[in-house]
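K.L.:
Got a structure for you, questions after.
The values are calculated or read from the model by the stated rules, or taken from the named source; none is laboratory data. Note that the structure is a prediction, hence the values are computed from the model and not measured. When we count neighbours, we look across all protein chains shown, and the Cβ atoms used for this are built from the backbone with ideal geometry, even at glycine.
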Amino acid sequence: MYLEKRQEITERLIMDKPVRVRFAPSPTGRPHVGNIRTAMFDYIMARRFNGTFVLRIEDTDVERKVEGAVEYMMDALSWLGLEWDEGPGKGGDYGPYYQSQRLHLYKEAAEKLVAQGNAYYCYCSEERLEKIRKEQAASKQMSGYDRHCRELTAKQRAEYQAQGINPVIRFKVPLEGQTMFHDIVYGDVTFENNTIDDFVMLKSDGYPTYHLANVVDDHSMKISHVIRAEEWISSTPRHMMMYKALGYDPPEYVHHPMLVGADRAKLSKRHGSVSLLEYREKGYLPEAMFNFLALMGWSLDDKTEIMTRRQLIDNFSFERIGKTGAFFNIEKLDWMNGVYMRALSVEDFTNRVLPFLEKYLPPEVERPLDAAYVSRIAPLIQPRINTLNDAAAYADFFFVDKLEYEASMLIGKKMTPEVVLAALKGAEEKLSSLESFDQNLLEDTLRRLAEALGIKAGQLFNPLRVATTAREAAPPLFETMAVLGKERCLNRIKTALAKLDGS
RNA sequence: GGCGCAUUCGUCUAGCGGCCUAGGACGCGUCCCUCUCAAGGACGAGAUCACGGGUUCGAAUCCCGUAUGCGCUACCA
């Protein structure tokens, strides 16, 4: 019943106005999986309710800005199929979509708030701010700006101005009362106004802080739902205050839990492999990644896990977003990627694995690879690897001429060199007289040979496997040999015999 | 320190007052299948639902407190 009520509320909120959501990354580096998961919620939400997905670049921190970060971001979004409807590369009616190109809007809003008495110029130096922070920390007082410039007289302002100080604009937070907002995931959240300090809206370089830019843009871009990580909950009351002072209607808020590292702390670069693009390089499939990421912090029911993009979109609902931080479990991703890999058609798999083989196979292997040959190998490796870049290490023996292994590998447990020698010699003889190297014929021939030699099938197959693949675990023998072909197999058996002689 | 949010198997999660002696998945173990390896199938171990009080005939589910974790506390986002 409780759930139904919430659902009703959500549906109504959605009906009220067209759904417009935005993903608003700050171009400070490679996009990590946590960022992208937020974008995914935006995308799914937009598609689910026939809305618009806006990409907006929050490049308001000149110092942290990283060259190429926007391209990385767009690359990552595109790889996952998170296509945006408005934004860089797409245009739209609410641009520009780079905040650095919208500076006049923020300035205008900030000055309006100053004129209304909701904000003020602050001339405090960084040194002073640093000093009060230290004092506050030492005396364990509440931290935050001490409102030194809140009630400056016109004369005082003129004096500071004359000193050539570029002021910041701070919001005048009410000293009393509470600010409350409703979050669709977390419910009602209330803050005492006296725990919030007079935050900076406009920096002295003329750039806005996140808080101001966010409010101005979400309003002017007609954003209906703000979807962002839980870390923003504490900032939301500031945003509410600005909406109110500016006379805007606030959007709906959907905060979602964060992705955490192994130490349960907010995911960041020090947690290692967190950049989304790294998963592409490691050979994960975008559809698996999409499915997996959607399940971090969201679930459909008590059992469904493998879902197509369409199913994920059609079944998405806020009510099913969880509230607790999720740890990125790579082992489960590996499993899920394997599921998706096995579901691919051979042709599709071949096309996807080809570049990975090109890249990771040893340098002596001639390039470009023969696509027809790869497509014969593909079905043998497809069910046995979990990521595309496992392919090269797993299937190298199909490509490499000189196999490296110890002679002792040929002699399995409960086997003697004599038996192995006889088995391989017998195989060499039988196989060389074979006209076709068909998988069924091979099996038939070799099983018969084992029988004739008076050994178990495995006692023949195992050394043969090592001889032809240089490993004890490999794809099924006869299929493998059929793909390798007669000449290569016989050569490898000869090499194995030589190794046995030498030992 | 202040404020906010959270807390169910190792991990991701189901659970919305009786269906819960808590379900599923990954991983792990045993077995089956089998030329090895995967895949697949069967079975199993694994959670006193953070703890303590309350409310109720009945609580993992509601309330209060405590603990712990995380987030915010920047002219970062």
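K.L.:
Within region A:135-186, take every residue that is among the charged types (D, E, K, R) and on the phi > 0 side of the Ramachandran plot and give me the one that is nearest to RNA strand B (Cβ to nearest atom).
P.N.:
Ranking the qualifying residues of region A:135-186, first place goes to A:LYS140.
K.L.:
On to the next question. Considering only residues that are closer than 18 Å to A:ASN315 by Cα and among the basic types (Lys, Arg), look in region A:6-56 and name the one that is modelled with the lowest pLDDT.
P.N.:
Looking at the filtered set, the residue picked out is A:ARG6.
K.L.:
What's the total number of residues in region A:300-312 that are among the charged types (D, E, K, R) and part of a loop (DSSP other than H, G, I, E, B)?
P.N.:
4
K.L.:
How many of the residues in region A:465-481 are more than 17 Å from A:ALA392 (Cα to Cα), near RNA strand B (Cβ under 8 Å from one of its atoms) and of a type in the set (A, V, I, L, M, F, W, C)?
P.N.:
2
K.L.:
Let me ask something else about it. Does at least one position in region A:199-207 carry a residue that is touching a residue at least 24 places away in the same chain (Cβ under 8 Å), of a type in the set (Gly, Ala, Ser) and outside any loop (DSSP other than H, G, I, E, B)?
P.N.:
Taking every residue of region A:199-207 in turn, none turns out to be touching a residue at least 24 places away in the same chain (Cβ under 8 Å), of a type in the set (Gly, Ala, Ser) and outside any loop (DSSP other than H, G, I, E, B).
K.L.:
Oh, and also: Taking region A:275-299, which residues are at negative phi, assigned to a loop (DSSP other than H, G, I, E, B) and touching a residue at least 40 places away in the same chain (Cβ under 8 Å)?
P.N.:
Within region A:275-299, A:LYS282, A:TYR284, A:LEU285, A:MET296 qualify.
K.L.:
A further question on this structure: Which of the helices (runs of 4 or more DSSP H) contained wholly in region A:95-174 include at least 2 residues that are in contact (Cβ under 8 Å) with a residue 24 or more places away in the chain and in contact with a Leu (Cβ under 8 Å, 6 or more places away or on another chain)?
P.N.:
Passing ranges, in order: A:103-116.
K.L.:
Give me the pairs, please: first residue somewhere in region A:346-360 and free of Cβ contacts under 8 Å to residues at least 24 places away in the same chain, second residue anywhere and surrounded by 14 or more Cβ atoms within 10 Å (Cβ to Cβ) and not in a helix (DSSP H, G or I), beta-carbon distance under 8 Å, and either six or more positions apart or on two chains.
P.N.:
A:LEU354/A:LEU369; A:GLU358/A:LEU369
K.L.:
Assigned to a loop (DSSP other than H, G, I, E, B), within 16 Å of RNA strand B (Cβ to nearest atom) and over 25 Å from the mean Cα position of the chain (by Cα), is that true of A:TYR405?
P.N.:
Yes: the conditions hold for A:TYR405.
K.L.:
Looking at region A:187-198, which of its residues are more than 7 Å from RNA strand B (Cβ to nearest atom) and touching a Ser or Thr at 6+ places or on another chain (Cβ under 8 Å)?
P.N.:
A:ASN193, A:ILE196
K.L.:
Quick one: how many residues across region A:242-274 are away from RNA strand B (no atom under 14 Å from the Cβ) and not in a loop (DSSP other than H, G, I, E, B)?
P.N.:
Total meeting the criteria: 5.
K.L.:
Separate question: Among the residues of region A:316-354, which ones are farther than 30 Å from A:TYR186 by Cα and near RNA strand B (Cβ under 7 Å from one of its atoms)?
P.N.:
Those that are farther than 30 Å from A:TYR186 by Cα and near RNA strand B (Cβ under 7 Å from one of its atoms): A:ASP334, A:TRP335, A:GLY338, A:VAL339, A:ARG342.
K.L.:
If you don't mind, another one. State which residue is modelled with the highest pLDDT when the search covers only region A:408-437 and only residues that are surrounded by 14 or more Cβ atoms within 10 Å (Cβ to Cβ) and assigned to a loop (DSSP other than H, G, I, E, B).
P.N.:
A:PHE437
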